[in-house]
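The structure appears right after this line, and notes come after that.
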Amino acid sequence: MKYGYHSHTRISAIRAMSPHLKATFSPLSPSTTTIVDPRQRQVIEHCEACYLNAERLLKRRFPRPEVSFKLRGKSAGTAHLQQNRLRFNPVLLAENPEVFIREVVPHEIAHLLCFQLYGAGKQIKPHGLQWQAIMRNVFNLFPRASHNFDISSVTGKTFTYQCQCGPVELTLRRHNKVQRGESRYLCRQCRQVLTRRSD
């Protein structure tokens, strides 16, 4: 994998901004070694390549995350900072393998690296300056906050509700909460309670 030219000054700046924390090396979690799907195997391999590149450029070791492919819904991936865990959406991976591996994997790893380098705090935003610097200077990628994949295959069934502004779509989960009497939802504009539209 080629990441292109990296400015020594920019990499030094990332190193200088991070607290001097010691990280222990651990290989990707054992559960990932049983993966049979070739695309998922590519994600695992790309994760390791991303970590090796980050370690080379930042001159320190990083613990490897646990990786799973159980994420559902519209998100392509999520990084769980405290648990050092990555979750990826297998449907969006199957539908967009090249872009997913090239962009989503480093995007999520950059979140973990950012947390491990800078910690958590009000000045560290999820897609803030530190994360953007890692995306640009370590992975040589434009720092996009979200993907632009077609999500029609992962969008769940919706139910049409209404207010005075017009129709509003609620997810299955929210619809069920209304049906069980657990929740009421208000229109964000008119603040009227949404009611189920009968067709």
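The values are calculated or read from the model by the stated rules, or taken from the named source; none is laboratory data. Just so you know, these numbers come straight off a predicted model, no measurement behind them. Cβ coordinates were reconstructed from backbone atoms using ideal geometry, including for glycine residues, and neighbour counts include every protein chain displayed. The protein model used for the area step is the full one, side chains on, heavy atoms only, and it has no ligands, DNA or RNA in it. Shrake-Rupley method; radii C 1.70, N 1.55, O 1.52, S 1.80 Å.
Summary of values
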{"read-out": "Filtered residues of region 167-182 (kept if loosely packed, with under 13 Cβ neighbours inside 10 Å and over 17 Å from Gly73 (Cβ atoms))", "value": "Pro167, Gln179, Arg180, Gly181, Glu182"}
{"read-out": "Candidate set: region 44-64, residues that are within 22 Å of Leu93 (Cβ to Cβ) and in contact with a Leu (Cβ under 7 Å, 6 or more places away or on another chain); chosen: the one surrounded by the fewest Cβ atoms within 10 Å (Cβ to Cβ)", "value": "Glu48"}
{"read-out": "Hits in region 126-169 (condition: over 24 Å from the mean Cα position of the chain (by Cα) and acidic (Asp, Glu))", "value": "Glu169"}
{"read-out": "Residue that is farthest from Leu92 (Cα to Cα) [pool: residues in region 170-199 that are charged (D, E, K, R) and under 25 Å from the mean Cα position of the chain (by Cα)]", "value": "Arg174"}
{"read-out": "Test set (1) over 30 Å from Pro38 (Cα atoms); (2) touching a Gly at 6+ places or on another chain (Cβ under 7 Å) - Cys187 fails condition number", "value": "(2)"}
{"read-out": "Some residue of region 168-191 being free of Cβ contacts under 8 Å to residues at least 24 places away in the same chain, within 30 Å of Glu108 (Cα to Cα) and among the small types (Gly, Ala, Ser)", "value": "no"}
{"read-out": "Cβ-Cβ under 7 Å pairs, at least 6 apart or on other chains, region 38-61 side over 18 Å from Met135 (Cα atoms), far side among the hydroxyl-bearing types (Ser, Thr, Tyr) and open to solvent by less than 40 Å² (accessible area, probe 1.4 Å)", "value": "Ile44/Thr32"}
{"read-out": "Looking only at region 28-45, and only at residues there that are closer than 19 Å to Glu98 by Cα and touching a Pro at 6+ places or on another chain (Cβ under 8 Å), the one that is modelled with the lowest pLDDT", "value": "Asp37"}
{"read-out": "Pair list, Cβ < 8 Å and 6+ apart or interchain, from region 143-166 residues that are touching a residue at least 40 places away in the same chain (Cβ under 8 Å) and among the aliphatic types (A, V, I, L, M) to residues that are open to solvent by 70 Å² or more (accessible area, probe 1.4 Å) and part of a loop (DSSP other than H, G, I, E, B)", "value": "Ile151/Lys74; Val154/Arg72; Val154/Lys74"}
